[in-house]
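Peer 1: Structure provided below as structure tokens; questions to follow.
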Amino acid sequence: MVITGLGVISSIGNNVQENFNALTSLKPGIGHIQNLDTVHKNIIPVSEVKLTDEELVQMAGFDKNRAVTRTTLLGVIAAREAYLSAGLDKVNKLRTGFISATSVGGMGKTEVLYPRYLDPNDTGDFMRFLETHDCGESTERIAETLGIKDFMTTISTACSSSANSIMLATRMIKAGMLDRAIAGGVDSLTVFTINGFNTLMILDREHCRPFDDSRQGLNLGEGAGYIVIESEEAAKAGNRPILAEVGGYANTNDAYHQTASSPDGQGAFLAMKKALEVAGLKAEDIDYINVHGTGTPNNDLSEGTAMTRLFGANVPKFSSTKAYTGHTLGACGGIEAVYSTLAIMNKTIFPNLNFKVKMKELDLTPETSLLSGVDIKNVLSNSFGFGGNNSALVFKKI
Amino acid sequence: MSSKGYIQSYSIIKNNRVVLNGEEFFAGGAEDDFATFIRALYKKLEITHSSFYKMDDMCKLGLLATELVLKDAAIREKYSDTEIGVVLSNSSSSLETDTAYYETVKDRNNYFPSPAVFVYTLPNIVIGEICIRNKIKGENTFFIFEEYNPEFMTDYVNNLFVSGKLKSCVTGWVEYYEGHYEAFVYLAEATQGDNRCIHSAEQVRKIYSF
Amino acid sequence: MTTGAFILQNKLEKYIVFKFFIMEELVNQLKVQIIKALKLEDVKPEDINPNAPLFGDGLGLDSIDALELIVLLEKEYGLRVENAASAKKIFSSVKSMADYIAEHKKA
């Protein structure tokens, strides 16, 4: 199953090229909250897409009077970029699916309008937003915009959501149920999320430092990332370039705690191990790991432990790109799939920003400079979500 | 799909009634609210789950529906932890708890976000609870559909059996919103045994019509 | 002993006894609040030993419960816990929570 298109929008760029430029010029997108009205405004750093809702509406080409959520807008922009970059508008339409993921859905509008929904004396245009709340709604709107009708579904498994979308898409194509699919996910920043993560005390008041001994937590981000996956047969049409291959995938449950990872990283270990098996690879075949690396004391230790268990003394070069984009929650699997593919295509390993000192407990040092000219054949990408949902994907050079 | 799995046992929880493998297992008072009903079911099952009361209502529903289908199945004796998975779905995601959580932050003058409530503002946490309780570590995912989609769900799980990813799977529909609830959870297995029917959308529709 | 010294001693005793009852009332109040906040439905206040460790065995509280206790302290007593290290000491038992509240609560 091959990858023929990429689309992404994040705090470091509004399309693939801008994201790549920022990654290679070491420019992160973390800063103070601009787009939301919250008590945490100048206190908690976040990683917002640098466009207002109005600007996103323009960019997505929607009518400004339409009731549409930020989640849908981000999703449309990235999914459309993937669709067009794969040249799907220029080839015969085969059975195409749209598999998306989100954790927040339309919460951004709901949290502002909720008191008004409840007030029977307050009616008006805003009521149209009521039906934009559900997770499935953004998926439907995006599929509609792209004209995809054959198959559509929404996966919601917290931070592993869009990795699971990619896994499902690959399997459906492998099983002969679809010829092509656009798979990934989207999440937008909301006050709901900021407050929730803050109350769990896992946010850093500074820029996050993945895998660093002094790390204090994550920075919340937003964005969307989609890849176009096709069967080898379908990819032959139209003389289009093949970017990489989805080589392996796996999902397991850590079965330890609702929101924390196990100390021995069992779920992560099993997911990575299985993904390698599906890819037909041995541990030493991996050239780069794009780790989940949120910067929380818990995740990085658990993930690092799992990596040490799996790779022994020979842990491959690895980095977390969340110090650039923040933790984009339901979108991170998709965004990081795009980054993993870019790494293969451009023979580049992106650095793990803000790292200074390795964790006491483990002997793990991520890449801290940009590495070019690296022959990357196999990339492992990790996405671990609340609820113990652990996913790992393997991308291969074609 | 060339090869199908098999349904080992199934539970339906709806309208304060609990049906297990076609027979009534428990009936709560018709007028009881969900809180009363689910606690009565918990007591009837005679189990102890330390975080039961901390879970949100959707998780209580999903955990007990699963408990019913697993209680006589001894799956951990038959399969290793990664050979068992959980694939669930619903239409309201975690909306009930999202609303409850919102109540703790909406008023700037009485502003106390609750971490315990926030933890449940994701639909797949119920899978986490099921896996923790039953020590299940295989593949797991959660789908959002407007209504229960037996064709998709049975295909998905059978595919996991055919490809050897799982040997057994807890699957179905766990929906809870504003006091309206419905759970249809069953245990599917890859190999045939006693008293089982084929795992297909037709069979699923036969044993439960929504 | 003159009458004056006797009265003083009495006042001191009364003060100590008074403080003891305040503390006992606080401990009982805390138990009820903890049961409610942490949804410990099967637990009655008399089941909780105020000197026993809250975490570990016993009530089987976890990290999320610890965070909820932080919220409880702020909501009911207006006291803020700034970091994990101080939290560990404050929440080691119901009694230690009561001591902390008695010491820091704004009048």
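Rule-based calculations on the coordinates, nothing more; no lab input. As the structure is a computational prediction, the values presented were derived from the model and not from experiment. Ideal geometry is used to build each Cβ from the backbone, glycine not excepted, and the neighbour counts take in all protein chains shown.
Peer 1: What are the aspartates and glutamates whose alpha-carbon lies under 13 Å from the alpha-carbon of B:Lys54, with same-chain residues fewer than 8 places away excluded?
Peer 2: Partners within reach: B:Glu129, C:Glu41, C:Asp42, C:Asp62, C:Asp65, C:Glu68.
Peer 1: What is the count of Lys pairs in the range C:3-104 whose alpha carbons sit under 21 Å apart, if the two are 8 or more places apart or on different chains?
Peer 2: 20
Peer 1: Translational D (Stokes-Einstein, µm²/s) of chain C at 25 °C and 0.890 mPa s when Rh comes from the Kirkwood sum over C-alpha pairs?
Peer 2: Working: Rh = 15.2 Å.
For the chosen part, D equals 161 µm²/s.
Peer 1: Measure of size requested: the Rg and Dmax of the protein assembly as shown, with Cα atoms as the atom set and Å as the unit; please supply both.
Peer 2: Here Rg and the maximum Cα pair distance are 26.4, 110 Å.
Peer 1: I want the antiparallel fraction of DSSP beta bridges within the protein assembly as shown, as a percent rounded to 5.
Peer 2: 70
Peer 1: What list do you get for A:Leu189, B:Leu88, A:Leu56 if you sort them by fewest beta carbons within 10 Å? Let's see the in-between values first.
Peer 2: On the way: A:Leu189 28, B:Leu88 25, A:Leu56 21.
Fewest-to-most Cβ neighbours within 10 Å comes out as A:Leu56, B:Leu88, A:Leu189.
Peer 1: Taking 2.2 N^0.38 Å as the expected size of a compact globular protein, what ratio does the Cα radius of gyration of chain A give against it, to two decimals?
Peer 2: Details: Rg = 19.7 Å, N = 398, 2.2 N^0.38 = 21.4 Å.
So chain A has a normalised radius of gyration of 0.92.
Peer 1: Given bins 5 angstrom wide, list per bin the percent of all Cα-Cα distances in the range A:198-332, short to long.
Peer 2: Reading the bins upward from 0: 2, 9, 15, 19, 19, 16, 10, 5, 3, 1, 0.
Peer 1: Just want the ordering: A:Thr252, A:Thr145, from fewest to most Cβ atoms lying within 10 Å of their own Cβ.
Peer 2: A:Thr145, A:Thr252
Peer 1: Among A:Met1, A:Pro263, A:Met359, whose Cα lies farthest out toward the positive end of the dipole of chain A, if unit charges sit on the beta carbon of Lys, Arg (+1) and Asp, Glu (-1)?
Peer 2: A:Met1
Peer 1: Which of rounded, prolate, oblate describes the range A:42-88, given a ≥ b ≥ c as roots of the alpha-carbon gyration tensor eigenvalues and a/c under 1.5 marking rounded, otherwise prolate only if a/b is larger than b/c?
Peer 2: Values: a/c = 2.91, a/b = 1.44, b/c = 2.02.
The shape class here is oblate.
Peer 1: Take every DSSP beta bridge with both residues inside chain A and express the antiparallel ones as a percent of the total, to the nearest 5. Write down the numbers at each step before the final one.
Peer 2: Details: 37 of 56 bridges.
Given both bridge residues lie in chain A, the antiparallel proportion sits at roughly 65 percent.
Peer 1: Moving on to the next point. Which of the lysines could a cross-linker span from A:Lys397 if the Cα-Cα distance has to be under 18 Å and same-chain partners fewer than 8 positions apart are dropped?
Peer 2: Qualifying lysines at Cα under 18 Å: A:Lys236, A:Lys282, A:Lys317, A:Lys347, A:Lys377.
Peer 1: Give me the percent of DSSP beta bridges within chain B that run antiparallel, rounded to the nearest 5.
Peer 2: 70
Peer 1: Further question: Taking Cα atoms, how many degrees apart are the long axis of helix C:94-104 and the longest axis of chain C, rounded to 10 and kept between 0 and 90?
Peer 2: 60
Peer 1: So, one more: Could you please state, rounded to a whole Å, how far the C-alpha centre of the range A:232-279 is from the C-alpha centre of the range C:67-101?
Peer 2: Between the Cα centre of the range A:232-279 and that of the range C:67-101, the gap is 42 Å.
Peer 1: Sort the range A:276-375 into rounded, prolate or oblate with this rule: let a ≥ b ≥ c be the square roots of the eigenvalues of the Cα gyration tensor; rounded if a/c is under 1.5, and if a/c is not under 1.5, prolate when a/b is larger than b/c, oblate otherwise.
Peer 2: It is rounded, given that a/c, with a ≥ b ≥ c, falls under 1.5.
Peer 1: For the range A:141-226, what is the per residue volume of the convex hull drawn over the alpha-carbon atoms, in cubic angstrom?
Peer 2: Numbers: hull volume 10.6 nm³, N = 86.
Given the Cα convex hull of the range A:141-226, per-residue volume reads 123 Å³.
Peer 1: Determine by what factor the alpha-carbon radius of gyration of chain B differs from 2.2 N^0.38 Å, reporting the quotient.
Peer 2: Scaled against compact globular proteins, the figure is 1.02.
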